[in-house]
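Engineer: Please see the structure below; I have some questions.
The values are calculated or read from the model by the stated rules, or taken from the named source; none is laboratory data. Since we're looking at a predicted model, the values are computed, not measured. So basically every Cβ, Gly included, is an ideal-geometry build from the backbone, and we count neighbours across all protein chains shown. Calculation scope for accessible area: heavy atoms of the full protein, side chains included, ligands and nucleic acids excluded. Shrake-Rupley method; radii C 1.70, N 1.55, O 1.52, S 1.80 Å.
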Amino acid sequence: KGRKKHTRPASSSSMTSLNLDFSVLDRPVRKEANELTSTLENDVLCGINSHDQYFALPKVEDFSRFQKDVVEHVKPQHGTTTLGFIFEHGIIIAVDSRASQGPYISSQTVKKVIEINPFLLGTMAGGAADCQFWQRNLGIQCRLHELETGKRITVTGASKLLANTLYGYRGRGLSMGTMVAGWDTTGPGLFYVDSDGTRLKGKRFSVGSGSLFAYGVLDQGFRHDLSIKEAAELGRRAIYHATFRDAFSGGTVSVYHVGPDGWTKMSGTDVGELHYEYYPADPVANPERHGGGEGDIFVPSKREHEVEEDGGKKEDPSPEEAMET
């Protein structure tokens, strides 16, 4: 009798119904491109920014013209040296590792070879972010192609995918000069692809601010019947000489070989070590007469009137004799 009487909870019919708002899960409605552009231009002209979801835009009358002009003013300065060539036993790819921001060296350890898949390599020259992003995107496209068809993509097909992608962004400010190298059922393949959508097939390429120096060494030492070791040394030496003459190239020289079984990294050597390997510091016999620098000691030749004749020196000619001669 002294126990407290429990009451049953009210039935569901008597409870207040909850109205949940699931509209946040709906797919967002996007404006058409023309409508969005006109809205943004009106905001700029009116000097207001009524849409918080947009970035603040510069208050100029012609926004499209402003974009084109500002690209020329803030055009980035960049430099690198990359090369690739086909020879009897496959392909050699050699690159440096320096990244620069104008006159400032921002990094000496940039990996400028993108390993797309076990049989494909891509190189970086231009904007580091652009090259890394779009070549990794190329790796995704190559993998999807392999899953869809059950076959590994050819070098020609991979380079075409990259060229088509970059052509769609032509004039949008991308800065890329890349090489796509690999081995497929037809053998070795080497293509040059840049941010304008240009695509060239070739057997020897060098891209970057130091490419002219690399071409000089590459053209002088190239033979089709080089061994793998000789070809790797040629690529290493070409990149070294480019880093020696080009201030925007440096760091380490990475050399890759692409063959029927895929790519292999041959070496990664600091250019400072290569300098003393190619030009060892030999002791100088007479340091007082040596002016420093590379090469042999320069000994100035005697003037003609100082040459010893008959055991004695010929005296300097008088001004009258000098004028007569």
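Engineer: Pairs, please: C-beta under 8 Å, at least 6 apart or cross-chain, first residue in contact (Cβ under 8 Å) with a residue 24 or more places away in the chain and crowded, with 20+ Cβ neighbours inside 10 Å and in region 110-134, second among the aromatic types (Phe, Trp, Tyr) and not in a strand (DSSP E or B)?
Structural biologist: Between residues of region 110-134 that are in contact (Cβ under 8 Å) with a residue 24 or more places away in the chain and crowded, with 20+ Cβ neighbours inside 10 Å and residues that are among the aromatic types (Phe, Trp, Tyr) and not in a strand (DSSP E or B), there is no close pair.
Engineer: Residues to consider are Phe213, Phe222, Phe244; find the one that is of a type in the set (A, V, I, L, M, F, W, C), open to solvent by 30 Å² or more (accessible area, probe 1.4 Å), at pLDDT 90 or above and over 22 Å from the mean Cα position of the chain (by Cα). Break it down into steps so the answer makes sense when it comes.
Structural biologist: Working: Phe213 fails: over 22 Å from the mean Cα position of the chain (by Cα); Phe244 fails: over 22 Å from the mean Cα position of the chain (by Cα).
Just one listed residue meets the conditions, Phe222.
Engineer: Shifting gears a bit: Let me confirm something: among Gly177, Gly168, which residue is under 29 Å from Gln67 (Cα atoms) and open to solvent by 30 Å² or more (accessible area, probe 1.4 Å)?
Structural biologist: Details: Gly177 fails: open to solvent by 30 Å² or more (accessible area, probe 1.4 Å).
Residue meeting the stated conditions: Gly168.
Engineer: Something else about it: Determine, yes or no, whether Gly251 is under 16 Å from Ala94 (Cβ atoms), modelled with pLDDT of 90 or more and open to solvent by less than 100 Å² (accessible area, probe 1.4 Å).
Structural biologist: Numbers: under 16 Å from Ala94 (Cβ atoms): yes; modelled with pLDDT of 90 or more: yes; open to solvent by less than 100 Å² (accessible area, probe 1.4 Å): yes.
Judged against the criteria, Gly251 is a match.
Engineer: State all residues of region 170-192 that are of a type in the set (Ser, Thr, Tyr) and more than 18 Å from the chain's Cα centre (by Cα); if no residue qualifies, say none. Step through it out loud before you land on a result.
Structural biologist: In the first step, residues of region 170-192 are kept if they are of a type in the set (Ser, Thr, Tyr); the result is 175, 178, 185-186, 192.
Hits for region 170-192 are Thr185, Thr186.
Engineer: Another one. Which residue out of Ser100, Ser106 is surrounded by 18 or more Cβ atoms within 10 Å (Cβ to Cβ) and modelled with pLDDT under 90?
Structural biologist: Numbers: Ser106 fails: surrounded by 18 or more Cβ atoms within 10 Å (Cβ to Cβ).
Testing whether each residue is surrounded by 18 or more Cβ atoms within 10 Å (Cβ to Cβ) and modelled with pLDDT under 90 leaves just Ser100.
Engineer: Just to check your reading of the model, which residue among Thr264, Thr198 is open to solvent by 30 Å² or more (accessible area, probe 1.4 Å) and in contact with a helix residue (DSSP H, G or I) (Cβ under 9 Å, 6 or more places away or on another chain)?
Structural biologist: Values: Thr264 fails: in contact with a helix residue (DSSP H, G or I) (Cβ under 9 Å, 6 or more places away or on another chain).
Just a single option satisfies the conditions, and that option is Thr198.
Engineer: Give Ile140, Ile116 a once-over and let me know the one that is at pLDDT 90 or above and touching a Gly at 6+ places or on another chain (Cβ under 6 Å).
Structural biologist: Ile116
Engineer: Of the residues that make up region 278-296, is at least one closer than 18 Å to Ala94 by Cα and either at pLDDT below 90 or part of a helix (DSSP H, G or I) (or both)? I'd like the intermediate steps shown before the answer.
Structural biologist: Taking region 278-296 as the starting set, the residues that turn out to be closer than 18 Å to Ala94 by Cα are 278.
From what is left, the residues that are either at pLDDT below 90 or part of a helix (DSSP H, G or I) (or both) are 278.
Among the residues of region 278-296, at least one is closer than 18 Å to Ala94 by Cα and either at pLDDT below 90 or part of a helix (DSSP H, G or I) (or both), which makes the answer yes.
Engineer: Of all residues in region 155-164, count the ones that are surrounded by fewer than 19 Cβ atoms within 10 Å (Cβ to Cβ) and within 20 Å of Val258 (Cα to Cα).
Structural biologist: Qualifying residue count for the region: 3.
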